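Everything below concerns the one structure shown next.
The values are calculated or read from the model by the stated rules, or taken from the named source; none is laboratory data. Keep in mind that this is a model prediction, so the values were computed, not measured. As a convention, Cβ positions derive from the backbone with ideal geometry for all residues, glycine included, and neighbour counts pool all protein chains shown. Heavy atoms of the whole protein, side chains included, go into the accessibility calculation; ligands, DNA and RNA do not. Shrake-Rupley method; radii C 1.70, N 1.55, O 1.52, S 1.80 Å.
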Amino acid sequence: MTLNSTTLDQIIRLIWLGGAVAFVLGLIRMNSPATARNGNLLSAGGMAVAIAATAVWLLVLPPSGSFNPLGWLVIVLGIAIGGGYGLYSARTVKMTAMPQLVSLFNAMGGGAAALVAISEYVGHASAGTVPGLQDNVATVLDVVIGSVTFTGSLIASGKLMGLRITPSRPTRIPGGQLVTVLLTVIVIVGGLYIWLGNVSLPVLLAILAAALIFGVTMTLPIGGADMPVVISLLNSFTGTAVAMAGFVLNNPLLIIAGALVGASGAILTKLMADAMNRSVLNIMVGGFGGGEGSVAEAGGAGGSVREVSMDDAAIQLAYASEVIIVPGYGLAVAQAQHGVRELAEILEGKGVDVKYAIHPVAGRMPGHMNVLLAEANVPYTQLWEMEDVNPEFQRCDVALVVGANDVTNPAARRPGSPVSGMPILDVDHAKNIIVMKRSMGRGYAGIDNELYTNPKTGMLFADAKAGLAELVAAVKAL
């Protein structure tokens, strides 16, 4: 290698390091909703610069020693098709479908990382060379983690989409424990065989098949209520698989970027599990709930339901001193974030102090509701996290719940309930409660919400978007 090529190689590696620094800084800025957009742009910019530097590296210092037109055609088509679809899907996806899209991205990331390791291993097998122990360990781990992520993420996405072949309810697999043990044995024995220095493509393919099947058997038995946590865990797996691909290719940028995604995904998974007061292991062993949309009988929680009219609700809100709005998944589905902001602005014009109570898993993922409300230009200062807003409920005159269910269920404080121990918003401590829902349908936990039969609660049956529009008109008319 000449001096010029050596210098160029060093410059490119420094650019890769700069891209990794951009990832770290971008991740830091994502800690706050106010800077999250810039953080995302900074991370994307770091990736763009790293890709451009890699393109220069492949042109000037091709690994094969000469220009490969077919290889470049594959790269260009891959970027055009994948990037084009990614841009289209990101711009057109609804906020309520974001977890499904994230899950699909996880699948693509994990699958791509596994293919990198397989490709490198096939190259060694064709050349008759024996990879070193470090390469073999990284290859097996990459194939296993990436393949589990691929099929597991596809199943998770299907559950959230409500596809018939992947129902949101827990789906038990006959002999599931025996299948899991058998798949584990195949992976361990095959991995040890390769780590001992044996080159065998059939063994690697057996490991690949076992990992792909395990991704399905691991995710199917988990209920839809726990899918956001599973998706976060699989996101961590994706990062780990990418880091392993970095070791296979000896690429520091992939190692750093993958490690960042893996670590941040693991932390997010732990936070989400804590928000439900459950361990990650408990969730992976099997979730609760039969999915969204099952219907409960009125008064099934041990009391009668009191219904209020739109005018009654408007009077309570307009003449209150303090109102706390509790947005939930129903608000997100109805795309009613602009309506709730308009209602809050009208109430503030009448001298009402308005706050928004945000549960850690409101919507479907942490930060989901924050982003949705930010899209409607709701001030960040009005968004209160659960720990801060819970003491406020006992002082507020009216709590308005819009489409939130399990995160407001007082049954969580009582042992023996499927949601026992899950931290909730203390809506039942408010002086008056208005719950806007389309029906008495249950949430993902599949149980009745005891809040609905509280004597202080008035049920306002309406679609969130249309109901808020009516409520705004009623408050204006006062």
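Here's the yes/no breakdown for (1) more than 20 Å from MET98 (Cβ to Cβ); (2) touching a residue at least 60 places away in the same chain (Cβ under 8 Å):
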position: GLY349; (1), (2): yes, no
position: ASP353; (1), (2): yes, no
position: ALA357; (1), (2): yes, yes
position: VAL371; (1), (2): no, yes
position: ALA376; (1), (2): no, no
position: TYR380; (1), (2): no, yes
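Would you confirm whether any residue within the range 105-116 is open to solvent by 40 Å² or more (accessible area, probe 1.4 Å), on the phi < 0 side of the Ramachandran plot and of a type outside the set (A, V, I, L, M, F, W, C)? Before the answer, list the steps.
Our first condition is that a residue be open to solvent by 40 Å² or more (accessible area, probe 1.4 Å); within the range 105-116, this holds for 105, 108, 112, 115-116.
Right, trim to on the phi < 0 side of the Ramachandran plot and you get 105, 108, 112, 115-116.
Applying the additional criterion that residues be of a type outside the set (A, V, I, L, M, F, W, C) yields none.
Among the residues of the range 105-116, not one is open to solvent by 40 Å² or more (accessible area, probe 1.4 Å), on the phi < 0 side of the Ramachandran plot and of a type outside the set (A, V, I, L, M, F, W, C), which makes the answer no.
Exactly one residue out of ILE165, ILE155, ILE194 is in contact with a Leu (Cβ under 7 Å, 6 or more places away or on another chain) and open to solvent by 20 Å² or more (accessible area, probe 1.4 Å): that is ILE155. Being at pLDDT 85 or above, polar (S, T, N, Q), over 19 Å from ALA313 (Cβ atoms) and open to solvent by less than 10 Å² (accessible area, probe 1.4 Å), is that true of even one residue in the range 389-411? Yes, because at least one residue in the range 389-411 is at pLDDT 85 or above, polar (S, T, N, Q), over 19 Å from ALA313 (Cβ atoms) and open to solvent by less than 10 Å² (accessible area, probe 1.4 Å).
Kindly provide the set of residues from the range 252-290 that are under 17 Å from VAL407 (Cβ atoms) and modelled with pLDDT under 55, ordered by number. The answer is GLY287, PHE288, GLY289. Screening ALA209 on (1) touching a residue at least 40 places away in the same chain (Cβ under 8 Å); (2) closer than 21 Å to ALA156 by Cβ shows it passes everything except condition (1). Number of residues in the range 29-41 that are touching a helix residue (DSSP H, G or I) at 6+ places or on another chain (Cβ under 7 Å) and within 17 Å of ILE267 (Cα to Cα): the value is 2. Residues that are part of a strand (DSSP E or B) and β-branched (Val, Ile, Thr) within the range 310-328 comprise VAL323, ILE324, ILE325, VAL326, listed in sequence order. Given the criteria of a type outside the set (S, T, N, Q) and open to solvent by 40 Å² or more (accessible area, probe 1.4 Å), does PRO62 qualify? Criteria not met by PRO62. So in the range 455-478, with the set limited to residues that are assigned to a loop (DSSP other than H, G, I, E, B) and touching a strand residue (DSSP E or B) at 6+ places or on another chain (Cβ under 7 Å), which one is surrounded by the most Cβ atoms within 10 Å (Cβ to Cβ)? The residue in question is ALA462. Starting from residues that are among the aromatic types (Phe, Trp, Tyr) and at pLDDT 85 or above, keep the ones in the range 58-92 and report whichever is nearest to LEU254 (Cα to Cα). Per the stated criteria, the residue is TRP72.
For the range 188-226, a tally of residues being assigned to a loop (DSSP other than H, G, I, E, B), over 30 Å from LEU133 (Cβ atoms) and either of a type in the set (Gly, Ala, Ser) or out of contact with any helix residue (DSSP H, G or I) (no Cβ under 9 Å at 6 or more places or on another chain) (or both) returns 1. Listed here are the helices (runs of 4 or more DSSP H) enclosed by the range 1-113 that have at least 1 residues being within 24 Å of TYR380 (Cβ to Cβ) and over 19 Å from the mean Cα position of the chain (by Cα): 3-29, 33-60.
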